[in-house]
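So the structure is just underneath, and the comments pick up after that.
The values are calculated or read from the model by the stated rules, or taken from the named source; none is laboratory data. Quick caveat, the model's predicted, so the values are computed rather than measured. Glycine also receives a Cβ, built like all others from the backbone with ideal geometry; neighbour counts cover every protein chain displayed.
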Amino acid sequence: LADRIREWLARDDRHITIRPVINLNDHCNGSEDTGHHGHQRPDPYVPTFLTAEKVRLRNPTCVFPHCTKKSRSCDLDHLTAHTRTGITCECNLAPLCRHHHQLKTHAGWRYQQLTPGTFLWHEPHGQTMLVTPTGTRDLTDP
């Protein structure tokens, strides 16, 4: 295999991109009860490349209800604020486009991640919406 890779890399007529293998099932675990999902504090505010990539692969779009903005152009939001014991890992990050990030931060919208990639949103006037990889569903009682 190593010889084959050397052969590929030596060719001028090929463009090869090497990317890391990312296992989306290899995520935060609570094996150590540190109060931070098994993570040690302090951790950096800005996620590592690998953490950011996992979050964006798990959620290809902004996770705000009905938004379709690609996660590659979104902010990575800490569900629990980093300053309030929120850790910087995929279990506490979600992609929000800048507009929806501002709504969440300044306009009273709240959300939580129920399972990886599934979010429950509460808007300031009482409406509740479930965002899953397949779309948004209004859970508000009629």
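Computed values, structure above
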{"item": "Yes/no for residue 77 being modelled with pLDDT of 75 or more and under 30 Å from residue 137 (Cα atoms)", "result": "yes"}
{"item": "Checklist (1) of a type in the set (A, V, I, L, M, F, W, C); (2) in contact with a strand residue (DSSP E or B) (Cβ under 9 Å, 6 or more places away or on another chain); (3) closer than 21 Å to residue 125 by Cβ applied to residue 107, failing item", "result": "(2)"}
{"item": "Region 89-108 residues that are within 17 Å of residue 129 (Cβ to Cβ), paired with ones that are surrounded by 13 or more Cβ atoms within 10 Å (Cβ to Cβ) and small (Gly, Ala, Ser) (beta carbon under 6 Å, 6 or more apart)", "result": "95/71"}
{"item": "Residue, nearest to the chain's Cα centre (by Cα), within region 50-76, restricted to residues that are surrounded by fewer than 23 Cβ atoms within 10 Å (Cβ to Cβ) and within 23 Å of residue 127 (Cα to Cα)", "result": "61"}
{"item": "Per-region count, region 106-142, residues of a type in the set (S, T, N, Q) and either in a loop (DSSP other than H, G, I, E, B) or touching a Pro at 6+ places or on another chain (Cβ under 9 Å) (or both)", "result": "5"}
{"item": "Extreme residue, nearest to residue 114 (Cα to Cα), among residues of region 77-87 that are surrounded by fewer than 20 Cβ atoms within 10 Å (Cβ to Cβ) and more than 12 Å from the chain's Cα centre (by Cα)", "result": "80"}
{"item": "Residue that is modelled with the lowest pLDDT, among those in region 1-25 that are part of a loop (DSSP other than H, G, I, E, B) and surrounded by 10 or more Cβ atoms within 10 Å (Cβ to Cβ)", "result": "24"}
{"item": "Number of the condition not met by residue 103 [criteria: (1) among the hydrophobic types (A, V, I, L, M, F, W, C); (2) surrounded by fewer than 19 Cβ atoms within 10 Å (Cβ to Cβ); (3) in a loop (DSSP other than H, G, I, E, B)]", "result": "(3)"}
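Results for (1) at pLDDT 95 or above; (2) crowded, with 16+ Cβ neighbours inside 10 Å, shown as yes or no for each residue.
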| residue | (1), (2) |
| --- | --- |
| 94 | yes, yes |
| 108 | no, no |
| 118 | yes, no |
| 121 | yes, yes |
| 131 | yes, yes |
| 140 | no, no |
